[in-house]
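Participant: Here you go, one structure.
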Amino acid sequence: MGSPGGQGGGGALSARGGGGARRMKWALELSMGATRSRDRQGGQGDVVYPIGYSEKPVPDTSIQETDKNLVEKRCWDVALGPLKQIPMNLFIMYMSGNTISIFPIMMVCMMAWRPIQALMSMSATFKLLESSSQQWLQGLVYLIGNLLGAALAVYKCQSMGLLPTHSSDWLAFIDPPQRMEIMGGGMVL
């Protein structure tokens with residue numbers, strides 16, 4: 001490096017318009033002090049390698065078996081996703097109650113729509129599972145989980161009285177069935 005004032009001879013950077021070379025304050029001379037040089041550089045001069053650079057090839061540390069295990073684990077996570085949602089749906093069913101109001105209706109609609117939407121996009125899910133060796137078993141688990149989610153939504157509709165399960169629901173001239181016994185608070189009323 002040259003002097004701090006930018007004066008001196010043989011600088012690395014030259015002034016724009018002048019014929020003579022002038023040193024800048026923060027100039028770096030690459031031609032001096034090079035301890036290592038690339039063999040591929042030919043006649044372009046010596047180049048200083050950055051700190052931490054090594055010419056040795058880096059060994060491949062990726063292990064194919066670990067990658068295969070990660071793919072299998074990810075595919076099982078996708079397949080078990082609908083089954084992991086069932087406890088949450090049961091809790092939501094319990095908390096929303098059996099009354100006919102906007103909140104339970106929205107919960108039932110979402111509980112029914114998610115499995116139907118997942119069943120409609122089964123081909124995209126099977127494309128994710130193609131890399132697995134157990135793709136048919138994982139696809140079957142995914143299908144069963146979505147069918148169980150749809151069955152929970154149908155059960156909730158039935159417990160709310162939204163499903164037409166009696167003939168009186170369809171025909172106006174048939175009386176609804178009368179309840180023989182009503183339980184409340186653990187006592188027969």
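The values are calculated or read from the model by the stated rules, or taken from the named source; none is laboratory data. All figures in this text were calculated on a predicted structure; none of them were measured in a lab. Cβ coordinates were reconstructed from backbone atoms using ideal geometry, including for glycine residues, and neighbour counts include every protein chain displayed. Each accessible area value is taken on the protein alone, full model and side chains, heavy atoms only, with ligands, DNA and RNA left out. Shrake-Rupley method; radii C 1.70, N 1.55, O 1.52, S 1.80 Å.
Participant: Apply 1/(1 + (r/R0)^6) to the Cβ-Cβ distance of Met88 and Lys68, taking R0 = 22 Å, and write down the FRET efficiency to the nearest 0.05. Mind showing how you got there, number by number?
Facilitator: Values: r = 31 Å, r/R0 = 1.41.
Efficiency, from the Cβ-Cβ distance: 0.10.
Participant: Which whole-number value in Å² is the accessible area per residue of region 94-189, probe 1.4 Å?
Facilitator: Values: 7050 Å² over 96 residues.
Result: 73 Å² of accessible area for each residue.
Participant: Report the full-extension gain for the segment Tyr155 to Met180: residue separation times 0.36 nm, less the Cα-Cα distance, to one decimal in nm. List each step's numbers first, then the result.
Facilitator: Numbers: separation 25, 0.36 × 25 = 9.00 nm, distance 2.24 nm.
Length difference between fully extended and current span is 6.8 nm.
Participant: I've got another one for you. Multiply the residue separation of Trp170 and Glu55 by 0.36 nm, subtract the distance between their alpha-carbon atoms, and state the gained length in nm to one decimal.
Facilitator: Here the segment from Trp170 to Glu55 would lengthen by 33.1 nm.
Participant: A further question on this structure: Over region 82-180, one equal point on each Cα, no solvent: what is log10 I(q)/I(0) by the Debye formula at q = 0.12, 0.20, 0.22 Å⁻¹?
Facilitator: The computed values of log10 I(q)/I(0) come out as -0.52, -0.97, -1.07.
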